[in-house]
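Since the structure comes first, as structure tokens, the remarks are kept for the end.
Computed from the coordinates by the stated procedures, all read-outs in this text should not be read as laboratory data. Just so it is clear, the model here is predicted, and its values are computed rather than measured. Cβ coordinates were reconstructed from backbone atoms using ideal geometry, including for glycine residues, and neighbour counts include every protein chain displayed.
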Amino acid sequence: MELKGWREIPIGGLIIDAGNSVNYETGSWRSLRPVIDMERCSHCMICWIYCPDSSILVENEKVIGIDLAHCKGCGICERECPRKAVSMVEETLVEEGV
Amino acid sequence: MAKVMGKPVALNGDRAVAEAMRQMNPDVVAAYPITPQTEIVMRFSEFVANGEVDTEFIPVESEHAAMSACVGACAAGGRAQTATSGAGLAFMWEVLWVASGTRLPIVMHMVNRSFSAPLNILCDHSDSMGARDAGWVQLYDETVQEAYDNAIQSVRIAEHPDVMLPTLHALDGFILGHNLERLELLPDEAVKQFIGTYKPMYSLLDLDRPVTYGPMDYHDYFFEHKRQQVAAMERALEVVPLIGEEYGRLTGRYYGLMEGYRLEDAELATVVLGSTVGTTRVVVDELRDQGVKAGLLKIRCFRPFPAAMVAEALGDKKAIAVLDRSLSFGGQGNPLFFEVCTALFSHGFSPKVVNYVYGLGGRDTVPAQIRQVYHELIKIDREGVTGPTLRYLGVRE
Ligand code: SF4
Ligand code: SF4
């Protein structure tokens, strides 16, 4: 995201556009990436309820993946998944394609 | 606005400020009693109890809570005010920065008191000068009349769309706070009209335009928000005299950022703020009668500091004494001195300047001491030697 100069932003650190947190890509904080084993997933939506960043992507009532632009890698989905379908993988290993 | 007739009364500084607050009728006043400010909130709480104001008065458990309540009230779109002194200001410390950083036009009536220890409740400027970097506009009152006038103007300065900064005006504890002086009060209606209705830019209670106050602000934007505060202070240099001019048309009492007294053709000058300005005027008159070319520069607005004007007013003087009523221990001088020297130097002037610390912990500053300052300036000018830069007025050796 392009950073703005001091003349272009609201004063006092105020956020005046409701819902603009989507522009803040918390995915850059992640060192561990959640990977869902679709074979094991029962689409119970527990991870969807618990994810603090609303990063579990769902379509037609089925989990289809992770929003990696916003997932901060906290691992809550891994901890809460009753089917042990989520594993946290080192980002560096993912990037190297291991 | 046409000039209106004021009502002459005799009040002490605290009561004069309380009267101004009654006439301004703020939405919220949150305060905690502390000498020598107590009489302001004590009197104001009587107005609340008698139904003379519509203010929500919050008798908080501490000054930290007082300033926090003002922050909340102001973010919610209300006009919020408080009053404090010395240790009370110290207890507000972190919230002073929250108020300015969040750009909330809170007004504070500040009755100067020294910082302990040793324990002392009397006047010096350690408190407000200590908060000079907190991002608040700071005005200093010379008289009880000015305490009243500056209290009212503070609201307009703080809320001006080009400024949007919390503003305090400081009156010397006891010397102005507790002494009776004659002053003129405006009619209630004139004050009401002068301050108008506060229309907040953003309000937490505006459900049609929701806004988030106080979010996390990291390395990527924090600096830009600080830069905005610097710009707001620069704009306040324009706004303070504008409001002072408008107030002058209403009352006949005009206010600027600073005021020269017999300064134009002076060769020897002092720079003073607060009630000691009055004492210095008397000495200047006396010396003028004796043929000494003495002058005085009174600083009304310390934050923002009117550097260019100060440099222009003082650049041609032969010797200058800056009077500080607070200490910066281990420094090369004290708050007002730093400002004056930097203003002169950065505008290409280098007259002889010395710094006097005076009146700490309520020590009386009498004409004889000010006379001594001018006599030392005469000596500096005559001998062409500045001598020690840092000097102490009225302390026993
Ligand atoms: S909690 Fe586990 S099983 Fe349930 S939807 Fe998420 S990944 Fe699938
Ligand atoms: S790791 Fe945390 S942020 Fe990422 S999807 Fe799981 S719960 Fe959400």
Separation of the B:Lys379 and B:Asp188 label points, Cα + 7 Å toward Cβ, nm = 5.7
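Give the Rg/Rh ratio for the range B:7-251, taking Rg as the radius of gyration of the Cα atoms and Rh as the Kirkwood radius, to two decimals.
Here Rg/Rh amounts to 0.95.
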request  = Run the dipole for the range A:25-96 about the Cα centre, Lys and Arg Cβ at +1, Asp and Glu Cβ at -1, nothing else charged, and hand back the magnitude in debye, nearest 20.
outcome  = 300
query = What translational D, rounded to a whole number of µm²/s, comes out for chain A from Stokes-Einstein when the hydrodynamic radius is the Kirkwood one over Cα pairs, at 4 °C and 1.567 mPa s?
reply = 85
ask   = Percent antiparallel among DSSP beta bridges with both residues in the protein assembly as shown, to the nearest 5?
value = 35
remark   = Free-by-geometry Cys in the protein assembly as shown, Cβ-Cβ under 4.7 Å as pairing rule, reported as A:Cys41, A:Cys44, A:Cys51, A:Cys71, A:Cys74, A:Cys81, B:Cys70, B:Cys74, B:Cys123, B:Cys301, B:Cys341
inquiry  = Restricting to bridges with both residues inside chain B, how much of the DSSP beta-bridge set is antiparallel, in percent to the nearest 5?
reply    = 25
For B:Asn12, residues with placed amide H under 5 Å, excluding near neighbours = B:Glu181
key: Sparsely packed GluC sites (Glu not before Pro) within the range B:1-92, loop by DSSP, other Cβ within 10 Å at most 16   = B:Glu52, B:Glu61
remark   = Rounded to the nearest Å, the spacing of the alpha-carbon centers of the range B:111-159 and the range A:58-87 is 56
ask   = Expressed as an acute angle from 0 to 90° and rounded to the nearest 10, what is the orientation of the C-alpha long axis of helix B:335-346 relative to the principal long axis of chain B?
value = 70
Solvent-free Debye scattering, log10 I(q)/I(0), computed from the Cα coordinates of the protein assembly as shown at q = 0.06, 0.07 Å⁻¹ = -0.37, -0.48
message = Amide H of B:Leu185 versus every other amide H placed in the peptide plane: which residues, excluding those fewer than 5 positions away on the same chain, fall under 5 Å?
response = B:Lys7, B:Val9
key: Residue-averaged [θ]222 nm for chain B, counting only DSSP H segments that reach four residues, each worth -39500 (n - 2.57)   = -13000 deg cm²/dmol
message = Give the lysines whose C-alpha is closer than 30 Å to that of A:Lys84, dropping any in the same chain fewer than 8 places away, or say none.
response = A:Lys62, A:Lys72
inquiry  = Counting only other residues whose beta carbon sits under 9 Å from that of B:Ala90, what net charge do I get with K and R as +1, D and E as -1?
reply    = -2
Kirkwood hydrodynamic radius of the range B:258-392, Cα pairs, Å = 14.6
remark   = Note, the range B:181-195: 3J(HN,Hα) by Karplus (6.51, -1.76, 1.60, θ = phi - 60°), whole Hz, Gly/Pro = x, goes 9, 7, 8, 10, 9, 6, x, 3, 5, 5, 5, 4, 5, 5, 7
note = Filtered pair list for chain B (Lys only, Cα < 15 Å, 8 or more apart or interchain) has a length of 9
remark   = Summing -39500 (n - 2.57) over every DSSP H run of at least 4 in chain A, dividing by its residue total and rounding to the nearest 500, the 222 nm mean residue ellipticity is -3000 deg cm²/dmol
remark   = Amide H contacts under 5 Å for B:His109, restricted to residues at least 5 apart in sequence or on another chain and with H modeled in the peptide plane, are B:Thr82, B:Ala83, B:Thr84
message = Can you work out the Karplus-derived ³J(HN,Hα) for every residue in the range B:289-302? Use 6.51 cos²θ - 1.76 cosθ + 1.60 with θ = phi - 60°, whole Hz, and x for glycine or proline.
response = 4, 8, x, 7, 7, 9, x, 9, 10, 9, 9, 8, 10, 8
message = Residue by residue through the range B:315-330, what is 3J(HN,Hα) from phi via Karplus (6.51 cos²θ - 1.76 cosθ + 1.60, θ = phi - 60°)? Round to whole Hz and write x for glycine and proline.
response = x, 8, 6, 7, 8, 10, 10, 9, 9, 10, 9, 7, 10, 10, 4, x
